[in-house]
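J.: Dropping the structure in here first, questions after.
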């Protein structure tokens with residue numbers, strides 16, 4: 001897929017040309033992210049041979065979520081707060097339904113079933129419920145107090161929630177990497193040898209991750225610049241663009257990584273990438289955007305998600321937690337997750353007002 005890197009200069013040239021069609025710019029940047037994501041896949045897999053699956057999954061989630069953070073910061077500068085909120089929820093849906101579904105489906109086609117550590121999977125699930133609650137409570141508050149003094153109190157609530165989530169995320173890392181790392185250890189017999197030949201050296205693996213993540217962030221900036229006009233040209237609402245398109249493209253790196261690990265039966269690493277990315281988005285990226293919103297955006301960024309967005313999120317977290325709870329997957333579980341994602345995406349596209357705050 002590396003030949004698709006030709007779309008990177010194409011996207012940059014089109015973006016610089018006045019009057020270039022926005023959809024061409026948008027989809028050129030999207031195609032350029034595909035090989036960049038494959039480089040992140042390769043770098044993460046080889047780095048995981050030095051760090052183990054737990055830290056490897058965390059590193060991949062960190063590098064993979066960089067495009068989401070860049071997309072959101074660029075959109076906040078433009079005042080597109082509704083699109084940012086939609087992209088946050090969309091990133092969680094893309095990882096839990098699309099990413100996990102593709103991982104289970106493509107990995108399960110080659111094996112009767114695949115096993116992974118259920119204790120770690122349930123720990124990820126409980127953190128996801130915390131993330132959903134942290135979004136639902138401020139959203140309900142903003143909806144109840146829509147004007148007057150409620151605005152000031154709502155801003156204070158958002159800031160307080162953001163600080164609590166960042167502290168919780170730090171303690172989660174301590175729990176995962178230090179005090180209870182055995183809970184996230186790979187299940188016995190769940191991995192097979194890599195078919196990619198000898199492992200890369202540590203400098204090459206780290207350098208590939210850093211450079212590829214920077215390139216993905218660069219292309220994400222181009223995506224944001226052409227997103228609105230692309231939506232207008234193709235009849236897509238800003239919510240659909242944020243919830244489905246930007247979230248899917250921004251999450252291409254970690255989804256591609258998880259699918260590659262699932263196909264090689266490295267399920268603990270795959271689960272760590274997908275669910276770790278969700279936790280990082282909700283407990284780190286979203287709080288950081290709240291704290292930065294007042295500094296870089298024309299209006300503060302609040303955790304005021306729409307009712308349908310919160311409903312989609314809770315349904316997704318419940319389904320995802322049920323699917324991974326037993327520590328065993330197969331291809332049909334992947335089909336179930338993909339079907340749920342297709343239904344939610346169709347609703348957002350055909351009835352865009354449903355997803356609006």
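Please treat every number below as a calculation from the coordinates, not as lab data. Source: prediction; values computed, not measured. No Cβ is skipped: glycine too gets one built from the backbone with ideal geometry, and neighbour counts run over all protein chains shown.
J.: For Cα pairs less than 8 Å apart in space and 6+ apart in sequence, what is the mean separation divided by the residue count of the chain, i.e. the relative contact order in percent?
T.: The normalised contact order for the chain reaches 39 percent.
J.: Next up: In nm, to one decimal, how far is the modelled label at residue 350 from the one at residue 181, with both set 7 Å along Cα→Cβ?
T.: Modelled inter-label distance: 4.9 nm.
J.: Could you line up 323, 347 from fewest to most neighbouring Cβ atoms inside 10 Å?
T.: Placing the least packed residue first, the sequence is 347, 323.
J.: Rounded if a/c is under 1.5, else prolate if a/b beats b/c, else oblate: with a ≥ b ≥ c from the C-alpha gyration tensor eigenvalues square-rooted, which is the range 194-308?
T.: prolate
J.: Report the residue, chosen from 144, 301, 314, that carries the largest GNM mean-square fluctuation when the chain is represented by alpha-carbon nodes joined by springs under 10 Å.
T.: Fluctuation is largest for 144.
J.: A follow-up question, please. Starting with the highest mean, order 210-218, 269-277 by the number of other Cβ atoms within 10 Å, averaged over the residues of each peptide.
T.: 269-277, 210-218
J.: Among 165, 69, rank each residue by its count of other Cβ atoms within 10 Å, from fewest to most, as a rough exposure measure.
T.: Ascending number of Cβ neighbours within 10 Å: 69, 165.
J.: Calculate I(q)/I(0) for the chain by the Debye formula, one identical point scatterer on each C-alpha and no solvent, and give its log10 at q = 0.10 Å⁻¹ to two decimals.
T.: Values returned for q = 0.10 Å⁻¹ are -0.57.
J.: OK, next. When the helices in the chain are scored as -39500 (n - 2.57) per DSSP H run of 4 or longer and the sum is shared across all residues, what 222 nm value do you end up with, to the nearest 500 deg cm²/dmol?
T.: Helices in the chain give a 222 nm mean residue ellipticity of -23500 deg cm²/dmol.
J.: Mind checking which of 284, 141, 240 has the largest fluctuation in a GNM of the chain, springs on alpha carbons under 10 Å?
T.: 141
J.: Which order results if 236, 83, 128, 322 are arranged by neighbouring Cβ count within 10 Å, fewest first?
T.: Arranged by neighbour count, lowest to highest, 236, 83, 128, 322 become 322, 236, 128, 83.
J.: For the chain, set up a GNM with springs between Cα atoms under 10 Å and report which of 295, 166, 102 has the largest fluctuation.
T.: 295
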